[in-house]
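The values are calculated or read from the model by the stated rules, or taken from the named source; none is laboratory data. Quantities reported herein were computed from a predicted structural model and do not represent experimental measurements. Don't worry about glycine lacking a Cβ; one is built from the backbone with ideal geometry, like all the others, and counts go over all protein chains shown.
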Amino acid sequence: MTTTMRDDVDVTAAAAAKQIFRVRGRFGFLPVFLGWTAWALLAAFGEWVPLGVDPHFTLGAGAVLFMLMLGCVFSVVRCADNLGDSVREPYGTLVLTLSATIIEVSLMLRVMLEGAENPTLLRDTVFAVLMISMNGLVGFALTGGAWQQREQAFNLRGALSFLQLIVPISLLVLILPNYTRSSPGPTLAPHQEGYLGLLCVIVYLLFLVLQTGRHRSYFDHLHAPVTEGQRAAEVVHRPSASSGAVMLLAGGLILSLVPVVLLSHYLGMAINFGIDEMHAPNALGGLIIASLGLTSEGIGAVRAALAKRMQRAVNICLGSSLSTIGPLKGSIVPAL
């Protein structure tokens, strides 16, 4: 009887995943199709496109590219939400936060490697992400959840675990360069940058091991099972998606994410050109990168809060901050 129940649930989950793609694919994946088309045209005829030459055309093209990438990000949010519903926390949250980190890393690399030397762009982006996620996203999620559901609960131990890493690493990344003398200005020497980046990655990986292993219950809903017996009982009664449904959703997520990475090359050119032409502060580039990367997480956090899943909203908001300091810092430094 248990096997029959699981088979029925798997068929239902797979049918639901196919229904998502059938009903929403007509409009939901239109931005993805346009994103792939725009990249193909730019890759084929890019040398005839005056991107970075004509100011008006470059700014207009940059705005169009930003909107196309934003549409792809919305598709990433939809696929990540459905994929997160198919697996338990914190895996559902990790899918969304790592997708946003990939967007931020790809765009920042393009801006830093192709534009003028800007040693503070990394710090500006990290600072912008922390301000938006720790204040804006948390505020919107808590306010929206309270307005819709009045009162919700979340696991305080998980939130404190995030904060106990975010605070000291933020001090090292944002404050420490102001007091070092190995390089001029608020920067670090190359060997210091490499050591700090490696340290951030190692700490983040250790955190992921604890988050998905021994202390997994800290980041799950308060009513989630804790003991192995409770988890085994939940497998029978809780609807779970089959591997086919998960693979279908994961394929849609990748299909939506890749155009954002590919188009980041051309958007980075537009950002650099716009900052130089308008004599805008270099921190504007970090704000644009953070806004695009955090759009997916912001939508996911607000949706979770409105659906009475405050634990997932907290995991998304605080996890985005920690993933920015960890993988973002560690992957940018070796690339440069």
Looking for whichever is modelled with pLDDT under 80 and either within 26 Å of residue 258 (Cα to Cα) or under 21 Å from the mean Cα position of the chain (by Cα) (or both) here; the options are 121, 142. Which one fits? 121
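Counting only residues that are touching a residue at least 40 places away in the same chain (Cβ under 8 Å), closer than 22 Å to residue 200 by Cβ and hydrophobic (A, V, I, L, M, F, W, C), which one in segment 139-175 is surrounded by the most Cβ atoms within 10 Å (Cβ to Cβ)?
Looking at residues that are touching a residue at least 40 places away in the same chain (Cβ under 8 Å), closer than 22 Å to residue 200 by Cβ and hydrophobic (A, V, I, L, M, F, W, C), I get 173.
Suppose we keep only residues that are among the aliphatic types (A, V, I, L, M) and under 16 Å from the mean Cα position of the chain (by Cα) within segment 51-86. Which one would you say is surrounded by the fewest Cβ atoms within 10 Å (Cβ to Cβ)?
Result: 70.
Can you tell me which residues in segment 186-198 are touching a residue at least 40 places away in the same chain (Cβ under 8 Å) and either buried (at least 18 other Cβ atoms within 10 Å of the Cβ) or aliphatic (A, V, I, L, M) (or both)?
Residues of segment 186-198 that are touching a residue at least 40 places away in the same chain (Cβ under 8 Å), as a first pass: 186-187, 193-194, 196-198.
Result: 193, 196, 197, 198.
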Just to be sure, is residue 219 surrounded by 13 or more Cβ atoms within 10 Å (Cβ to Cβ), modelled with pLDDT under 85, within 21 Å of the chain's Cα centre (by Cα) and closer than 30 Å to residue 303 by Cα? yes
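In the set 209, 126, which member is out of contact with any Phe, Trp or Tyr (no Cβ under 8 Å at 6 or more places or on another chain), assigned to a helix (DSSP H, G or I) and surrounded by fewer than 18 Cβ atoms within 10 Å (Cβ to Cβ)?
Values: 126 fails: surrounded by fewer than 18 Cβ atoms within 10 Å (Cβ to Cβ).
Being out of contact with any Phe, Trp or Tyr (no Cβ under 8 Å at 6 or more places or on another chain), assigned to a helix (DSSP H, G or I) and surrounded by fewer than 18 Cβ atoms within 10 Å (Cβ to Cβ) holds for just one of 209, 126, which is 209.
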When you go through (1) more than 30 Å from residue 251 (Cβ to Cβ); (2) modelled with pLDDT of 80 or more; (3) of a type in the set (Ser, Thr, Tyr) one by one for residue 204, which number turns out not to apply? (1)
